[in-house]
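The values are calculated or read from the model by the stated rules, or taken from the named source; none is laboratory data. This is a predicted model, so every value here is computed, not measured. For neighbour counting, all protein chains shown are included, and Cβ atoms are generated from backbone atoms with ideal geometry for every residue, glycine included.
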Amino acid sequence: MAQLTLENPTDLLRYQLRTALTMEDDSLAALGELEAAAQSAEIKKMFRHHADETREQIENLHRVFELLEFKDTTAPSPSTKGITRQAESLIGKTSDELLDQVVLSCALGNEHYEISAYQSLIVPVQAMGVSDVLQLLQSNLDQETHTSQELHEMLQKVAG
């Protein structure tokens, strides 16, 4: 049975890790949809590369569960579901000429959510002093931050 009340910092960390795993699974699915909608070969390639990184991030999260001796499960991530629905809605009403700008904007919004999720996970892990877990989460955050910068630069290029 799922825990209904978060009663201590460990409960919160466990739950946030579970939602982070769902977040990355959702992101991986969304990247395929964004790639399919993109018009530019360069942007499609960017999404494929980020999908590969997302798979690495998922593996890092599985390793975090193992290191912390938490049950490796997911929890609902309504935020990423909403971000995906927003992207689908925008893509559905956008002309082909504007699709690259839309998919980049949608991906950038998702990256910002992922960055904040990892920042929120890193703080309690730092307090716990679990350096191997911290390294895995920091690696994921670094990839998300780099991807955000790449998306922003590409968006400026496309919109400019």
Check your understanding: Among the residues of the range 48-80, how many are part of a helix (DSSP H, G or I), under 25 Å from GLN149 (Cβ atoms) and out of contact with any Gly (no Cβ under 8 Å at 6 or more places or on another chain)?
Key -> 16
**Study point:** SER120 being at pLDDT below 95, out of contact with any Gly (no Cβ under 8 Å at 6 or more places or on another chain) and among the polar types (S, T, N, Q)
**Key:** no
Check your understanding: In this structure, does LEU67 turn out to be farther than 29 Å from LEU121 by Cα, surrounded by fewer than 22 Cβ atoms within 10 Å (Cβ to Cβ) and among the hydrophobic types (A, V, I, L, M, F, W, C)?
Key -> no
Point to revise | Count of residues meeting criterion [modelled with pLDDT under 95 and more than 25 Å from ARG14 (Cα to Cα)] in the range 43-84 | key: 0
Check your understanding: Does PRO76 qualify as being touching a residue at least 12 places away in the same chain (Cβ under 8 Å), touching a helix residue (DSSP H, G or I) at 6+ places or on another chain (Cβ under 7 Å) and exposed (fewer than 14 other Cβ atoms within 10 Å of the Cβ)?
Key -> yes
Check your understanding: Which numbered condition trips up TYR15, out of (1) within 14 Å of the chain's Cα centre (by Cα); (2) hydroxyl-bearing (Ser, Thr, Tyr); (3) surrounded by 14 or more Cβ atoms within 10 Å (Cβ to Cβ); (4) modelled with pLDDT of 95 or more?
Key -> (1)
Study note, to complete from the structure: Within the range 18-43, of all residues that are surrounded by 17 or more Cβ atoms within 10 Å (Cβ to Cβ) and not aliphatic (A, V, I, L, M), the one farthest from the chain's Cα centre (by Cα) is GLU35
Check your understanding: List, please: which pairs have Cβ atoms under 6 Å, are six or more places apart or on different chains, and start with a residue in the range 126-154 that is under 18 Å from GLN57 (Cβ atoms) and end with one that is of a type in the set (Gly, Ala, Ser)?
Key -> LEU151/ALA107
**Study point:** Contacts under 7 angstrom Cβ, first residue in the range 89-102 being within 15 Å of GLU35 (Cβ to Cβ) and at pLDDT below 95, partner among the small types (Gly, Ala, Ser) and in a helix (DSSP H, G or I), 6 or more apart
**Key:** none
Exercise for review: Could you grab me the full set of residues in the range 117-149 that are surrounded by fewer than 16 Cβ atoms within 10 Å (Cβ to Cβ) and not in a helix (DSSP H, G or I)?
Suggested key: GLY129
